[in-house]
């Protein structure tokens, strides 16, 4: 399952051991980065930045890959912010409810 920002706030269903991929637009050169706020029993397997172009300072996508080791309803929340500026710098959030069966 691949989730994008357009699906934020939705509810989704997946099977145990199926990966959940979240792909969100990001431009880390501005200092804003996506960070996990809550992931319940989802296990973060990998987090990386995928560039859209080779231009210096180009935007791209932050990709999070989660494992789903346990059944149940899992809440996932993320925020796009400048960590050193605190919560007042949050420019957007992503959330999803994932039912693992």
Describe numerically, in nm with one decimal, the distance between label points set 7 Å from Cα along Cα→Cβ at residue 90 and at residue 51.
3.1
Using r as the Cβ-Cβ distance of residue 11 and residue 59, and R0 as 30 Å, what FRET efficiency do you calculate, to the nearest 0.05?
0.60
Inter-label distance for residue 40 and residue 4, nm, one decimal - labels placed 7 Å from Cα along Cα-to-Cβ
2.5
Could you give the spread of the C-alpha atoms of the chain along their three principal axes, from largest to smallest, in whole angstroms?
42, 31, 22
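Where a number appears in this text, it was derived from the coordinates with a stated rule and is not lab data. Quick caveat: nothing in here was measured; it's all calculated off a predicted structure. With ideal geometry, Cβ positions are generated from the backbone for all residues, glycine too; neighbour counts draw on all protein chains shown.
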